[in-house]
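The values are calculated or read from the model by the stated rules, or taken from the named source; none is laboratory data. Just so we're clear, the structure is a prediction, and the values are computed from it rather than from any experiment. With ideal geometry, Cβ positions are generated from the backbone for all residues, glycine too; neighbour counts draw on all protein chains shown.
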Amino acid sequence: MSSETPHAHRSHRPATPLSGSITVPGDKSISHRALMFAGLAIGETRITGLLEGEDVLRTAAAMRALGAAVRRDSDGAWLVAGTGIGGLHSPDDVLDMGNSGTAARLLCGVLASHDIFAVMTGDASLRRRPMRRVIDPLAACGAVFAAREGGRLPLAVTGAADARPLSYRLPVASAQVKSALLLAGLNARGITEVEEPEPTRDHSENMLRHFGAVVSVVPHGAGKLIRLQGQPELIAADIIVPGDPSSAAFPIVAALLVPGSRITIAGVGLNPLRTGLFTTLLEMGADITITNKREAGGEPVGDLVVVASSLRGIDVPAARAPSMIDEYPILAVACALARGPSRLRGLGELRVKESDRLAATLAMLRVNGAHVEVEGDDMIIDGGANRLGGGTVLTQMDHRLAMSALVLGMAADAPVMIDDARFIDTSFPGFMGLMRGLGAAIEAEPEAA
Ligand code: S3P
């Protein structure tokens, strides 16, 4: 966690509009995968733009503990010399995945089909999150998991010495579960099949191909059927990690909401399975222009020009949720400041994120005067409350809640306080400095620390 103390912070309307050109840190999903796949490949992979946030550093440490050589070069690139599939060894201590659900769940897949024993834990937030969604289907390959009651961390796994391929239909749209199964399938004989009911982010499929695996993806009902040929030889292949669209979301919404602002964010990942927020903001009347579209490391990338806009309320279909699953807290902030009502549908999965994000987002908005309700899995926000701000948000070890609340304070009538800014480092190291550089007013609150 950041050593910037005290932990409580306050944001308020800046005296001048936000302006400037920035880049955001590397994509979290791609960074985890880059370290894991490179750790299973033969040869040395050079990763440029890796997210150096707490979550990803946990994955780097875990891959090192399992036998991959992982080091940071003097120019900031990361070099990973893999062991080859099947070559990992048992770690000699507990693997601590910190706050990261992605690291924990994907690593369960890696461990399941290796002939090793490992114990995994995480912080208080991660130890509350459900792991059964990965350990139950992974057990079918022959791995034996023992987890705490409710399928929670800490867990112990004895991986399968000769893993069977998996065939599984995901009950929830989850790229983490899909990726865990594909990672296990890498060291299983035969073809692993994963059926997803709705398309979810496909960074694992893209990266597997990048490293030379044979993966086929075909449309299947409303979703996809993914088939992976087991025991390929993954060959080291350099990776350029694009800027994280889920991190870009915070300066984007801040610039839309602070009158007169205009910012540019270069090199943002634009994988269509990640850009639901941009689609939604455009529908709300946002002035966002994408320029310089290109491809970097097998993923679409572009530069975004964002100009302050008057936003209107929106009805977001449930089918869009997988493409913007991490963006609902910041979208809810935009909706609270938009004209008219919004309905965000199908948010059940938010209950099992770093916090119960449905309840936490509701509380964040209510304590700051917004009119908001939860009906089943939908959130209904009545934009344009008379006066917003003035509340203290309990961030509950959730980085995205902390950043969303600080953005709310930048546009609300009164300042917004958060109790703890430290978890921002899990996904967006340098957030405070970068936002202040654009002109945002964020201050540490000494007396509340
Ligand atoms: C991720 C998938 C999403 C997302 C998480 C990262 C990934 O989780 O919320 O931050 O990298 O695969 P689910 O797959 O559980 O929806």
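Of the residues Ser427, Ser404, which single one is more than 14 Å from the ligand (Cβ to nearest atom), of a type in the set (Ser, Thr, Tyr) and either surrounded by 24 or more Cβ atoms within 10 Å (Cβ to Cβ) or farther than 20 Å from Met284 by Cα (or both)?
On the way: Ser427 fails: more than 14 Å from the ligand (Cβ to nearest atom).
Exactly one residue qualifies, and that residue is Ser404.
Keeping to the stretch 407-430, report how many residues are under 22 Å from the mean Cα position of the chain (by Cα) and under 20 Å from Arg262 (Cβ atoms).
Selection size over the stretch 407-430: 1.
List the strands (runs of 3 or more DSSP E) that sit entirely inside the stretch 21-115 and contain at least 2 residues that are assigned by TED's automatic domain parsing to the domain that holds Val305, at pLDDT 95 or above and in contact with a helix residue (DSSP H, G or I) (Cβ under 6 Å, 6 or more places away or on another chain).
Working: elements: 44-48, 69-72, 78-81.
Output list is empty.
Enumerate the helices (runs of 4 or more DSSP H) found wholly within the stretch 123-222, keeping only those where 2 or more residues are over 22 Å from the mean Cα position of the chain (by Cα) and within 15 Å of the ligand (Cβ to nearest atom). Step through it out loud before you land on a result.
Working: elements: 132-139, 175-185, 203-210.
Ranges flagged: 132-139.
For the stretch 303-325, what are the residues that are more than 15 Å from the ligand (Cβ to nearest atom) and either under 18 Å from the mean Cα position of the chain (by Cα) or not in a loop (DSSP other than H, G, I, E, B) (or both)? Quick ask: steps written out before the conclusion?
Just the residues of the stretch 303-325 that are more than 15 Å from the ligand (Cβ to nearest atom), to begin with: 303-317.
Within the stretch 303-325, Asp303, Leu304, Val305, Val306, Val307, Arg312, Asp315, Val316 qualify.
Would you mind stating whether Ser247 is touching a residue at least 60 places away in the same chain (Cβ under 8 Å), crowded, with 16+ Cβ neighbours inside 10 Å and touching a Phe, Trp or Tyr at 6+ places or on another chain (Cβ under 6 Å)? Even if it seems obvious, please write down each step before you answer.
Numbers: touching a residue at least 60 places away in the same chain (Cβ under 8 Å): yes; crowded, with 16+ Cβ neighbours inside 10 Å: yes; touching a Phe, Trp or Tyr at 6+ places or on another chain (Cβ under 6 Å): yes.
Criteria met by Ser247.
Identify, by number, the condition in (1) in contact with a helix residue (DSSP H, G or I) (Cβ under 8 Å, 6 or more places away or on another chain); (2) of a type outside the set (Lys, Arg); (3) farther than 21 Å from Leu126 by Cβ that Gly390 doesn't meet.
(1)
How many residues are farther than 21 Å from Asn187 by Cα and within 13 Å of the ligand (Cβ to nearest atom) when one looks only at the stretch 31-66? Working first, answer last.
Initially, the stretch 31-66 is screened for residues farther than 21 Å from Asn187 by Cα, giving 31, 46-58, 61.
Then keep just the ones that are within 13 Å of the ligand (Cβ to nearest atom); that gives 31, 51, 53, 55-56.
Matching residues across the stretch 31-66 total 5.
Could you go through the stretch 138-149 and let me know if any residue there is aromatic (Phe, Trp, Tyr) and over 17 Å from Ala180 (Cβ atoms).
Of all residues in the stretch 138-149, those aromatic (Phe, Trp, Tyr) come to 145.
Next cut, over 17 Å from Ala180 (Cβ atoms) only: none.
No - not one qualifying residue is present in the stretch 138-149.
Quick check on my filter: what residues within the stretch 367-419 are of a type in the set (Ser, Thr, Tyr) and under 14 Å from Ser11 (Cα atoms)? Walk me through it before giving the result.
Taking the stretch 367-419 and keeping what is of a type in the set (Ser, Thr, Tyr), we get 392, 395, 404.
Matches in the stretch 367-419: Thr392, Ser404.
I need the full set of residues from the stretch 359-381 which are assigned to a helix (DSSP H, G or I) and buried (at least 23 other Cβ atoms within 10 Å of the Cβ), in order please. Spell out how you get there, then give the answer.
Of the residues in the stretch 359-381, the ones assigned to a helix (DSSP H, G or I) are 359-366.
Across the stretch 359-381, the qualifying residues are Ala360, Thr361, Met364, Leu365.
Restricting attention to the stretch 212-246, report how many residues are among the hydrophobic types (A, V, I, L, M, F, W, C) and closer than 18 Å to Leu35 by Cβ. I'd like the intermediate steps shown before the answer.
Start the filter on the stretch 212-246 by keeping residues that are among the hydrophobic types (A, V, I, L, M, F, W, C), which leaves 213-215, 217-218, 222, 225-226, 228, 234-237, 239-241.
From the residues that got through so far, the ones that are closer than 18 Å to Leu35 by Cβ too are 213, 234-237, 239-241.
Final tally of qualifying residues: 8.
Can you run down the residue pairs with Cβ atoms below 7 Å, 6 or more apart or on separate chains, where the first is in the stretch 326-352 and within 12 Å of the ligand (Cβ to nearest atom) and the partner is of a type in the set (S, T, N, Q)?
Correct list of pairs: Asp326/Ser246; Glu327/Ser246; Tyr328/Thr361; Pro329/Thr361; Pro329/Ser404.
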